[in-house]
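Each remark here refers to the structure printed beneath this line.
The values are calculated or read from the model by the stated rules, or taken from the named source; none is laboratory data. Here the structure is a predicted model, which means the values were calculated and not measured. Methodologically, a virtual Cβ is constructed for each residue, glycine included, from the backbone with ideal geometry; neighbour enumeration extends over all protein chains shown.
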Amino acid sequence: MFIHGGHENNVHHNVFLDCEMAVGNNYWPDKRWKVYLEGPIIRERLLREVDITGPVFLEKYPGLKNYFSDYGPRLNRVAENVLIGSNMPINGKLELYFNHLETRPNLEKALKRVGYVEEPVGVGSEH
């Protein structure tokens, strides 16, 4: 999964199988983020098309109150995933916690851990 410059994304409860890098993030430095927020496209989308500073949005998403001025550390959370034959993220500003790394020989054990049950062939074919 790749996050391009975004933040506050939650990558939870996934199974990554044979991934060179399960999660990647192209973190933008503060200067680039500020330029992006001041650009006409993002202003059009977030202030005119939906107005994230209006009462409807602020009541449901109070964290948007100072979106354009106080954007904090801009982290993405990666938690409680199972990685089988895969690598953890090596780039970006991420919060990593309770992820489980498994080797390929432990595939069945890892799938059992996340509650995966394979249906026998022919069962459930009406879907």
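So which of Val78, Val82 is surrounded by 14 or more Cβ atoms within 10 Å (Cβ to Cβ) and touching a helix residue (DSSP H, G or I) at 6+ places or on another chain (Cβ under 9 Å)?
Val82
Applying the selection to the range 1-51, what residues are under 19 Å from Tyr97 (Cα atoms), free of Cβ contacts under 8 Å to residues at least 60 places away in the same chain and of a type in the set (A, V, I, L, M)?
Met1
How about the range 71-104: which of its residues are of a type in the set (A, V, I, L, M, F, W, C), in contact (Cβ under 8 Å) with a residue 60 or more places away in the chain and assigned to a loop (DSSP other than H, G, I, E, B)?
Selection gives Leu75, Met88, Ile90.
Which of the residues that make up the range 20-55 are among the hydrophobic types (A, V, I, L, M, F, W, C), over 15 Å from Gly92 (Cβ atoms) and part of a loop (DSSP other than H, G, I, E, B)?
Val50, Ile52
Among the residues of the range 73-111, write down those that are of a type in the set (D, E, K, R) and at pLDDT 80 or above.
Arg74, Arg77, Glu80, Lys93, Glu95
Filtering the range 34-72 down to residues that are among the hydrophobic types (A, V, I, L, M, F, W, C) and modelled with pLDDT under 90, which residue is surrounded by the fewest Cβ atoms within 10 Å (Cβ to Cβ)?
For the range 34-72, the residue satisfying everything is Leu64.
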